[in-house]
Amino acid sequence: MRGATGNTSAGPGGGLRAVAGFVGRRLLLAVPLIWAVMTLSFVLLRMAPNDPAVSILGDRATPEQYDEVRRELGLDRPLLAQYGSFLADLARGDVGDSLLSSRSATEIIADRLPVTLSLALGATVASVVLGVAIGVFGAVRPSTAGRASQVGAVVGQAVPNFWLALVLIVVFSIWLGWLPPNGYTTFVDSPADWARGLVLPVAALGAAGVASIARMTRGAMVEVLDRDFVRTLRACGLPRRSIVYRHALRNAAIPVLTVVGLRFIGMLSSAVVIEQIFALPGVGTLAVTSASRADFPVMQALVLYLTVAVVVVNVLVDALYGWLNPRVRVP
């Protein structure tokens with residue numbers, strides 16, 4: 001009887017409960033991580049040489065005017081007092097208003113976030129589709145064509161994304177005139193123009209991701225295709241396509257997931273350069289502007305956004321591990 005009823009985690013319901021509990025524990029552990037990152041960002045921003053009062057008034061104001069602005073912003077208070085107010089506001093989910101406008105920092109980021117997410121998600125999807133296809137092709141066809149695809153993947157990883165972005169603009173915008181060189185149109189205004197405007201930025205940002213995912217996929221597929229269960233499936237007469245895509249690729253996808261998660265996080269940070277080149281009004285452009293003008297609340301909100309994104313992506317990757325391979329599920 002114990003063997004029949006003692007394992008409450010058996011079955012789909014128990015597996016879902018185990019995954020849900022694991023995700024909940026990871027999210028709780030993320031709270032001190034977010035606190036530590038936000039505290040470090042608070043200290044580093046206060047140590048920066050940029051003065052918000054100078055950004056607001058310019059460099060020709062009187063010392064009395066600078067002191068008055070600092071008092072209004074609360075920057076004349078002791079650092080510990082500022083930090084206490086910062087933590088109290090953060091606990092309520094409020095990172096403050098922009099020093100250069102009357103708008104909330106989170107509201108400003110919310111306006112820019114769809115641009116960066118469209119860019120990063122588009123580059124990630126393109127990297128996964130092309131990278132997995134190239135990696136599988138290189139593993140199942142170790143011929144000249146397969147080796148050529150891997151050489152192309154290595155070259156793609158070595159090319160800097162800013163240089164590739166400039167080349168794409170010259171070729172496809174200036175010479176051929178097929179795609180716009182810069183600017184952004186919202187999906188609501190025109191889905192077609194939205195897609196056309198993202199083609200070149202997504203290609204420039206995702207090229208390195210295609211290369212790294214292709215290399216990881218090929219290595220994992222070569223290792224899986226050499227296992228005993230694959231030879232058994234071949235001996236049983238299963239079609240090659242079924243062996244490769246239904247059985248081998250699922251086992252090879254586990255290490256590839258790590259690369260995909262890391263590439264997505266890296267694309268969020270690399271978007272700073274790509275958004276500057278293609279004049280996209282995203283979070284990366286906002287980060288550059290806020291840092292140069294010492295807009296502390298917006299910078300802290302950007303740090304919070306990136307930290308939460310890293311936590312969420314890592315939790316999702318771990319959850320997908322458990323779905324692809326039940327043996328790695330946390331009981």
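The values are calculated or read from the model by the stated rules, or taken from the named source; none is laboratory data. All of these numbers come straight from a predicted model, not from anything done at the bench. Because the Cβ atoms are built from the backbone with ideal geometry, glycine has one as well, and the counts that use them run over all protein chains shown. Note: accessible area is taken over every heavy atom of the protein model, side chains too, but ligands, DNA and RNA are not part of it. Shrake-Rupley method; radii C 1.70, N 1.55, O 1.52, S 1.80 Å.
Structure above, values below:
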quantity: Some residue of region 229-237 being in a helix (DSSP H, G or I), in contact (Cβ under 8 Å) with a residue 40 or more places away in the chain and either among the aliphatic types (A, V, I, L, M) or farther than 30 Å from Ala158 by Cα (or both); calculated: no
quantity: For Leu100: the one exception among (1) crowded, with 17+ Cβ neighbours inside 10 Å; (2) of a type outside the set (D, E, K, R); (3) modelled with pLDDT of 85 or more; (4) under 30 Å from Thr186 (Cβ atoms); calculated: (3)
quantity: Of the criteria (1) surrounded by 23 or more Cβ atoms within 10 Å (Cβ to Cβ); (2) within 30 Å of Leu225 (Cβ to Cβ), which one Ile274 fails; calculated: (2)
quantity: Which listed residue, of Leu44, Leu113, Leu119, is part of a helix (DSSP H, G or I), within 24 Å of Glu275 (Cβ to Cβ) and without any contact (Cβ under 8 Å) to a residue 60 or more places away in the chain; calculated: Leu44
quantity: From the options Arg250, Arg246, residue that is farther than 25 Å from Asp111 by Cα, under 24 Å from the mean Cα position of the chain (by Cα) and either at pLDDT below 85 or open to solvent by 60 Å² or more (accessible area, probe 1.4 Å) (or both); calculated: Arg250
quantity: Verdict on Gly322 being at pLDDT below 85 and open to solvent by less than 20 Å² (accessible area, probe 1.4 Å); calculated: yes
quantity: Region 47-70: number of residues that are in a loop (DSSP other than H, G, I, E, B), under 35 Å from the mean Cα position of the chain (by Cα) and free of Cβ contacts under 8 Å to residues at least 12 places away in the same chain; calculated: 1
quantity: Among (1) crowded, with 23+ Cβ neighbours inside 10 Å; (2) at pLDDT below 85, the one test that Leu286 misses; calculated: (2)
quantity: Residue that is farther than 19 Å from Thr285 by Cα, of a type in the set (A, V, I, L, M) and modelled with pLDDT of 90 or more, where the choices are Leu168, Leu198; calculated: Leu168
quantity: Subset of region 116-134 (residues that are of a type in the set (Gly, Ala, Ser) and farther than 15 Å from Gly261 by Cβ); calculated: Ser118, Gly122, Ala126, Ala133
quantity: Subset of region 1-31 (residues that are at pLDDT 60 or above and open to solvent by less than 70 Å² (accessible area, probe 1.4 Å)); calculated: Ala18, Val19, Ala20, Gly21, Phe22, Val23, Gly24, Ala30
quantity: Enumeration of residues in region 302-320 that are within 11 Å of the chain's Cα centre (by Cα), over 17 Å from Gly93 (Cβ atoms) and not aliphatic (A, V, I, L, M); calculated: Asn314
quantity: Single match in Ser190, Ser149, Ser212 (criterion: at pLDDT below 90 and crowded, with 21+ Cβ neighbours inside 10 Å); calculated: Ser212
quantity: Test: residue in region 71-91 that is under 22 Å from the mean Cα position of the chain (by Cα), closer than 26 Å to Leu316 by Cβ and loosely packed, with under 15 Cβ neighbours inside 10 Å; calculated: no
quantity: Where Pro255 falls short, out of the listed (1) more than 25 Å from Ala139 (Cα to Cα); (2) open to solvent by 20 Å² or more (accessible area, probe 1.4 Å); calculated: (1)
